[in-house]
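A short write-up of the structure that comes next.
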Amino acid sequence: MEKLLIAVALTLVSSNCLASDETGKYEQGDCIMASDTNYSWFGEFAKVEAYSRIKGFAGPQYILYFPTYKANAVVFGPEIEDHTIKVGKNYCQG
């Protein structure tokens, strides 16, 4: 019985680790545009390169590539999801 409890506990811990895989609103390759006029890149386009944890930052972050805009930053927190919209990938060609 004790072995069964240990096996069940390990299974739950393992599946919890898999289930806690953090995902954002946007995926790698998505093209987004700032829809908030307070953003310095309002009306500009950015390609999502990744959404992952970065050492030195709290939680997962978006790494963006700006094909036509000279950005001061390329790492953004998940709060950009509330201030951006997804657009066609053709806008991020360049």
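With contacts taken as Cα pairs under 8 Å at a separation of at least 6 residues, segment 54-94 carries a relative contact order of 38 percent. In terms of accessible area, using a 1.4 Å probe and ignoring ligands and nucleic acids, Thr84, Thr23 rank largest first as Thr23, Thr84. For Tyr26, Tyr51, the ranking by accessible surface with the largest value first comes to Tyr51, Tyr26, using a 1.4 Å probe. These residues, Glu49, Glu27, go from largest to smallest accessible area, 1.4 Å probe, as Glu27, Glu49. Rounded to the nearest Hz, the phi-derived 3J(HN,Hα) couplings of segment 74-91 under the Karplus curve 6.51 cos²θ - 1.76 cosθ + 1.60 (θ = phi - 60°) are 10, 10, 9, x, x, 5, 5, 4, 7, 10, 9, 10, 7, 10, x, 4, 4, 6, where x marks glycine and proline.
The values are calculated or read from the model by the stated rules, or taken from the named source; none is laboratory data. Nothing here was measured: the structure is a model prediction, and the numbers come from that model. Only protein heavy atoms, including side chains, enter the accessible area calculation; ligands, DNA and RNA are left aside. Shrake-Rupley method; radii C 1.70, N 1.55, O 1.52, S 1.80 Å.
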